[in-house]
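What follows draws every value from the coordinates through simple rules; no lab data is involved. Computed from a predicted model, the values in this text were never measured in an experiment. Using ideal geometry, Cβ is built from the backbone for each residue, glycine included, and neighbour counts are taken over all protein chains shown.
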Amino acid sequence: MSALLLAAADNTIDAPSVSYSALSPILIVLGAAILGVIAEAVLPRRDRFPAQLVISLGGLIAAVVAVGVIHATNVATPSPAGSNLSFAGSLAVDSTGLFIQGTVLALAIMATLLMAERSVDVGSPIVASSAVVVGSADDRRLAQTDRVQTEIFPLMMFAVSGMLIFPIANNLLLMFVALEVLSLPLYLMAGMARRRRLLSQEAAVKYFLLGAFASAFFLYGLALLYGYANSVDLPTILQATRGSTKSDILLYAGLALLLVGLLFKAGIAPFHSWTPDVYQGSPTPVTAFMAACTKVAAFGAIIRVLYVGFNTTAYDWRPIIWAAAIASMVVGAVFGLTQTDVKRILAYSSIAHAGFILVGLLAVDRNGHLGKDGISSVLFYVLTYGFSTLAAFGLLMVVRDSEGEATRLAQWSGLAKKSPAVAITMTVLLMSMAGIPLTSGFTGKFFVFRAAFSDAGPLVVIALISSAIAAFFYLRIVVLMFFADPPENAPTIAIPGWSTSIALTFGVVVTVVLGVFPQPILDLATKAARLTG
């Protein structure tokens, strides 16, 4: 026994280094989420809503400041390669990860402001009590009160914490944990709509079941890659692709299954079937949060997996990304034409945009290697897309009928005669999604297509055709608002509260400014296009 103890004493184990300052944005958001849970347990009901709003906004703003401080520190004192790895290399806090984290946090602040809306409906767009049976006497009574299910705020903060870990995870097992941390709260939040509760709960069940299958694919792919490389660290997998004696079947099958989980989370065809139903049934602020923040985080993870773990096998996975990009653009553009609900139109719009973003991931440099032009164009695109989409969903909250939000396309006829401001604002956002010049959407598409054109010219042509097709259903809404007669039971225009007004104003201003003066953010995205393996 003593010999064993002496042998154990000689084999010292080095503890993994942890850079708490580099992880401070994640720790701040997690701390705010835990504080929100405590507030939910100890505060009286009347004090919970303002307390949760302060905790959530305070935590998100502090996390944004932390990201800015980390970025400024890295710029002032450039660290040697690999020094920004933490937890034994499991997390890589590099420039690309910081850009994605900052984008997610900025969009999460806007989403929080939308969730704080209490003027356009009785109480809030969020249900008064999720546990009450739909259609019961208690459900009808609570729907007419100002009571709000305030647990949605800490749920959102937990989801944001997962979104912050997801794009910087250098370890596939940690990435899977982050995927579940960001997904599980969203499954609950999708079923918390105050109006049309059965549709909302159906959306939550669909999202949960399909999300569970996608997570299983991700986990199975992770297991196969572990069998191939004897590790789930992306840099180690990259080294294995250069000289492993294991069967390549494990490598390619593992990557394919891994991509199923990632493409599902980004809402990319053919793994998009959940998107229209979940977007339509969820509370509109939650839909905005999912459409913007989740997609940004998912593309951050896709960039890291493909560019860090599978850089040397690019010519093997590029056909898969080609096919997914074409499928997304075609499905989003064509099926969007057939929709009669504005939320479903925006859902198919997000599918089409996911395809456009994938085009940027296929960009290569002059030497035929995956270059920083593709990463920088994708970073700029997801930022512009996020702000436009959040503002568009936020605007849906103010157009209402007797049943809640007026999302049927026919109800938007003649809207400009009732509220020119709402019609003009929606037009600006739709023009950005269509890629009309002097909007951020045009700038984003231009740089993504330019980056990919040299090596993926036919795909860019398909993207341009799909973009032209998709422009039709955007313009159809504009034509209805300005040139059609209002219906007999025209919807009313609710005056939004201060929080929604701030979110909408900020979203529209960013959409216009990045279309006219995009260079500062483009320069930032170009400098951020550096990954640490």
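Structure data summary
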| item | result |
| --- | --- |
| Relative contact order [Cα under 8 Å, 6+ residues apart], the chain, whole percent | 16 percent |
| Sequence-distant lysines (8 or more away, or on other chains) whose Cα lies within less than 30 Å of Lys372 | Lys265, Lys295, Lys445, Lys527 |
| Cβ crowding within 10 Å averaged over residues, with 521-531, 127-137, 176-186 ranked highest first | 176-186, 521-531, 127-137 |
| Cβ crowding within 10 Å averaged over residues, with 165-171, 426-432 ranked highest first | 165-171, 426-432 |
| Hits among lysines - C-alpha to C-alpha of Lys417 under 28 Å, sequence gap 8 or more where chains match | Lys343 |
| Highest-first arrangement of 346-357, 459-470, where packing means the average Cβ count within 10 Å | 346-357, 459-470 |
| Cα-based helix-to-principal-axis angle, 152-165 vs the chain, degrees rounded to 10 | 40 degrees |
| Degrees between helix 295-304 axis and first principal axis of the chain (Cα, 0 to 90, nearest 10) | 20 degrees |
